[in-house]
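What follows is one structure encoded as structure tokens, with my remarks underneath.
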Amino acid sequence: MAVLQGAGVAAGLVANAEDLCRRDPHLQARQYWARIATPEGDLVEVDGVPFKMSATAACVRTPGPLPGEHTDAILKHVLGMNAEAIAALRAAEVIV
């Protein structure tokens, strides 16, 4: 890119995921990517907080939920379903 631009040719970086995750100097300098442990025991790199504030430090502490991780809590506490109704949905394979 720099060689082409130096020769007067319009050129720019075409970035793929690896360029953004591993090679982007701006994101690396800002320590944008967060490493967190998953419930399965893996260490994964995820998007971090897209802004920095001087008085309030923000960080990514946990991974996103697993598929169905909060199903019972939502059905019970948000939709007001009892254990029997949830069990019936599970028996009918409506939920996992």
Inset, instruction - For mean projected area of the Cα convex hull in nm², several values are listed as (1) 11.4; (2) 9.6; (3) 8.0; flag the one computed from this structure. - result: (1)
Inset, instruction - Choose one answer from ALA55, ALA29, ALA73: the residue with the largest mean-square fluctuation in a GNM of the chain with alpha-carbon springs under 10 Å. - result: ALA55
Inset, instruction - With label points built 7 Å along Cα→Cβ from the Cα atoms of GLU18 and GLU40, find their separation and express it in nm. - result: 2.2 nm
Legend entry - Most fluctuating residue given options GLY64, GLY48, GLY80, as computed from a GNM of the chain linking Cα atoms under 10 Å: GLY80
Legend entry - Placed amide H near MET81: partners under 5 Å, 5+ positions off or other chain: LYS76
Legend entry - Euclidean distance between Cα centres, region 49-70 to region 1-30, Å: 27 Å
Inset, instruction - Specify the longest stretch of the chain that does not include any exposed loop site, a site being one of the GluC sites (Glu not before Pro) with a non-H, G, I, E, B DSSP assignment and at most 14 other Cβ atoms within 10 Å. - result: 1-39
Inset, instruction - Find, among the chymotrypsin sites (Phe, Trp or Tyr not before Pro) in region 11-96, those assigned to loop by DSSP (not H, G, I, E, B) with at most 11 other beta-carbon atoms within 10 angstrom. - result: PHE51
Inset, instruction - Take the chain, connect every pair of alpha-carbon atoms lying under 10 Å apart with a spring to form a Gaussian network, then pick out the residue of VAL78, VAL46, VAL60 with the largest mean-square fluctuation. - result: VAL78
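Since every read-out is calculated from the coordinates, none of them should be taken as a lab result. Predicted model, so just to flag it, every value in this text is computed and none were measured. A quick note on method: Cβ atoms are made from the backbone with ideal geometry, for glycine too, and the neighbour counts reach across all protein chains shown.
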